[in-house]
Amino acid sequence: MTSNMEMIGRDEINDLEAILSITNTDVDAVSHAVNANPDAIFTWDYSRSRPALVKLYEKAKTSQWNATTDLPWDTDVDQEKVVLANMMQNGENGFFSGDVDLSGTPFAKWGDKEWIELGVQSQNWTLSQFLHGEQGALICTARIVETVPWIDAKYYASTQVMDEARHVEVFAKYLDDKLSGHYPINAHLRLLLDDIIGDSRWDMTYLGMQIMVEGLALAAFGFMHQMTTEPLLKQLLRYVMSDEARHVAFGVLSLKEYYDELSAAEVRERQEFAFEAAVRMRDRFLQQEVWDRMGVDVKEATKLVMLDETRKIFQSMLFSKIVPNCKKLGLLDAADGWLRQRFTELGVIQFEDWTDTGEEYSALDEVAKDRASQAAAGA
Ligand SMILES: [Fe+2]
Ligand SMILES: [Fe+2]
């Protein structure tokens, strides 16, 4: 039995002290090397034997878009006004729900100015994490092209490399041109990406990136798309999500076949990896770097974040793609439901019967929809 300590570096999942002890030490470095030594696999079997991946690849070829010309970059964005409008639409101070008693805390003295600044910093931070996560996806899918043994998967993964380059491009441009500052990668996200990239087994790259990180991203983009009142960001996310739906499908379609063949011990390792990834992503929600920049005591602020039950419900929704996909892969119930138990403790098991993302990508292809309506308007 692998202990929590061995998997996530602490015994108690909610040990705030331990969570906050993970920080980035080299925030000023321009590059970061991760040692990995996977085999690059040639295949001489060029037959197109996986129809679901063939279909996905065809879709990816026709739904490419150009970040430079397909988005309304001339949209004027006044970030403070947007934060204020989002606050008006989504309620209260824009951060804590009414569940949390802020009296006696540093936030009790905050006025509009501070709450708006928190909204601005949170947005800079969130989009910066999307940016770094997208680069992680770019590196992972380039890796998958090399390491996956099937030709249909190599073909498809190559289209995803282009998709991810486009995503890095749009988030970097949005941050540079429309927002007010970048944040370095969150310490927990970095730990997770390092683990994914440092693992030389090809399916772990898939599990970590396609199922866990991208599953969460797809849900997170969906929320932000719904919540934001800013039209450029809305459109940007709409197109990025169209791509992400294919990416998550790629993970589900590929791993299902592979995991059906694994031994019980091998499946258990995948369960542990999924659990570790889920914990890292949840730790990231505390956005410790933002509190630091706002000059608030990080421990005090994160303690309040952890007490916010409404916020927790909202955050658990970010697992609404991951849990059904893990179920479809057989990871929830293997080893006497080990991962089911863990996801129950994390408060996310209620999503197990939501739609898995194996097929959803066709319905989410907003790029194709826009092209069809433009063609109809021109005809
Ligand atoms: Fe992406
Ligand atoms: Fe992606």
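Taking the criterion of being touching a residue at least 12 places away in the same chain (Cβ under 8 Å), under 21 Å from ASP365 (Cα atoms) and surrounded by fewer than 17 Cβ atoms within 10 Å (Cβ to Cβ), the residues of segment 40-65 that qualify are VAL54, LYS61, THR62, GLN64. Given the structure, is ALA165 touching a residue at least 24 places away in the same chain (Cβ under 8 Å), within 16 Å of ligand 1 (Cβ to nearest atom) and within 25 Å of LYS59 (Cβ to Cβ)? Answer is yes for this residue. Taking the conditions (1) more than 24 Å from the chain's Cα centre (by Cα); (2) modelled with pLDDT under 95; (3) loosely packed, with under 13 Cβ neighbours inside 10 Å; (4) in a loop (DSSP other than H, G, I, E, B) in turn, VAL30 satisfies each one other than (1). All of ASP99, ASP74, ASP45 fail the test of being closer than 30 Å to ASP297 by Cβ, charged (D, E, K, R) and part of a loop (DSSP other than H, G, I, E, B), apart from ASP99.
Quick one: would you say ASN66 is assigned to a loop (DSSP other than H, G, I, E, B) and of a type outside the set (Asp, Glu)? So that I can check it myself, show each step before the final result.
Numbers: assigned to a loop (DSSP other than H, G, I, E, B): yes; of a type outside the set (Asp, Glu): yes.
So ASN66 fits the description; yes.
Out of ALA108, ALA85, one residue alone is assigned to a helix (DSSP H, G or I), more than 18 Å from LEU304 (Cα to Cα) and not polar (S, T, N, Q). It is ALA85. Taken over segment 237-263, residues that are of a type in the set (Gly, Ala, Ser), modelled with pLDDT under 95 and surrounded by fewer than 19 Cβ atoms within 10 Å (Cβ to Cβ) amount to 0.
Filtered by the rule that a residue be away from ligand 2 (no atom under 16 Å from the Cβ), under 21 Å from ASP45 (Cβ atoms) and of a type in the set (Val, Ile, Thr), segment 118-172 gives THR147, ILE151. The residues of segment 332-379 that are without any contact (Cβ under 8 Å) to a residue 40 or more places away in the chain and among the aromatic types (Phe, Trp, Tyr), listed by number, are PHE351, TRP354. Only a single criterion out of (1) within 28 Å of GLU257 (Cα to Cα); (2) within 13 Å of the chain's Cα centre (by Cα); (3) of a type in the set (Lys, Arg) is not satisfied by ARG246, namely (2). Only one of the numbered conditions (1) free of Cβ contacts under 8 Å to residues at least 24 places away in the same chain; (2) at positive phi is not met by TRP110, and that is (2).
Might you let me know whether segment 220-236 holds any residue that is hydrophobic (A, V, I, L, M, F, W, C), crowded, with 24+ Cβ neighbours inside 10 Å, modelled with pLDDT of 95 or more and within 16 Å of ligand 1 (Cβ to nearest atom)? Yes, that holds for at least one residue. Checked against (1) free of Cβ contacts under 8 Å to residues at least 24 places away in the same chain; (2) more than 15 Å from ligand 1 (Cβ to nearest atom), ALA187 passes all but a single condition, namely (1).
Looking across SER254, SER242, one residue alone is farther than 22 Å from HIS182 by Cβ and within 13 Å of ligand 2 (Cβ to nearest atom). It is SER242.
If you go through segment 366-379, how many residues are modelled with pLDDT under 90 and either in contact with a Cys (Cβ under 6 Å, 6 or more places away or on another chain) or among the acidic types (Asp, Glu) (or both)?
Step one: filter segment 366-379 for residues modelled with pLDDT under 90, giving 378-379.
Right, trim to either in contact with a Cys (Cβ under 6 Å, 6 or more places away or on another chain) or among the acidic types (Asp, Glu) (or both) and you get none.
Result for segment 366-379: 0.
Of the residues making up segment 170-210, those that are assigned to a helix (DSSP H, G or I), surrounded by fewer than 20 Cβ atoms within 10 Å (Cβ to Cβ) and among the small types (Gly, Ala, Ser) are ALA172, GLY198. Scanning segment 164-217 for residues that are over 16 Å from the mean Cα position of the chain (by Cα) and aromatic (Phe, Trp, Tyr) turns up TYR174, TYR183, TRP202.
The values are calculated or read from the model by the stated rules, or taken from the named source; none is laboratory data. Everything quoted here is computed from the prediction, not taken from an experiment. All Cβ positions, glycine included, derive from the backbone under ideal geometry; neighbour counts span all protein chains shown.
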